[in-house]
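The values are calculated or read from the model by the stated rules, or taken from the named source; none is laboratory data. Here the structure is a predicted model, which means the values were calculated and not measured. Cβ placement follows ideal geometry from the backbone for every residue including glycine, while neighbour counts extend to all protein chains displayed.
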Amino acid sequence: MNKTQFIASLAPHFNGSKKEAAHAVDIVFDSITRNIQKGEDVTINDFGKFKKVDRKARKGRNPFTGETIQIKASKKPRFLPAKALKEIIAGDRKLGPAPKPAAPVAPKAAAKKAAPKKAAKKAAPKKKVAKKAAPKKKAASKAKKRK
């Protein structure tokens, strides 16, 4: 699963909005990245721990020439899976049902749409004009039928 597929799987939890799901994913990844960069560990219960690891300078070997080379010291991110995640992956523990998406927020949208309709009802003269135009069309269609 890549990032786009991950966002698509989260979209139903954001009322079908891929834009909001992408924003949430970006915030989570950015927060994890920034905290690891600072040297802080990021622990997510029942999932795992992200941390920054310092690697010492060491000697290595060039696989093509067999020559010994010096590898510089570096800092790398590391993920340590939690016990619960390991058990689920190994099949020793069953994964619970997936959380269901939140109910759509349709009632609020309907209330917003209802307000303009009420305003349209107050504008009765416009509707009368439209009704006057309709009989002319019927008369024109009757004339066509007579021919």
Review point. In a helix (DSSP H, G or I) and touching a strand residue (DSSP E or B) at 6+ places or on another chain (Cβ under 9 Å), is that true of T4?
Key: no
**Study point:** From the options K49, K94, residue that is within 27 Å of the chain's Cα centre (by Cα) and modelled with pLDDT of 95 or more
**Key:** K49
Review point. In region 24-42, which residues are surrounded by 13 or more Cβ atoms within 10 Å (Cβ to Cβ) and either in contact (Cβ under 8 Å) with a residue 40 or more places away in the chain or under 22 Å from A102 (Cβ atoms) (or both)?
Key: A24, V25, I36
**Study point:** Filtered residue count, region 84-98, keeping only those that are loosely packed, with under 13 Cβ neighbours inside 10 Å and either touching a residue at least 12 places away in the same chain (Cβ under 8 Å) or at positive phi (or both)
**Key:** 1
**Study point:** region 43-56: number of residues that are β-branched (V, I, T) and surrounded by 12 or more Cβ atoms within 10 Å (Cβ to Cβ)
**Key:** 2
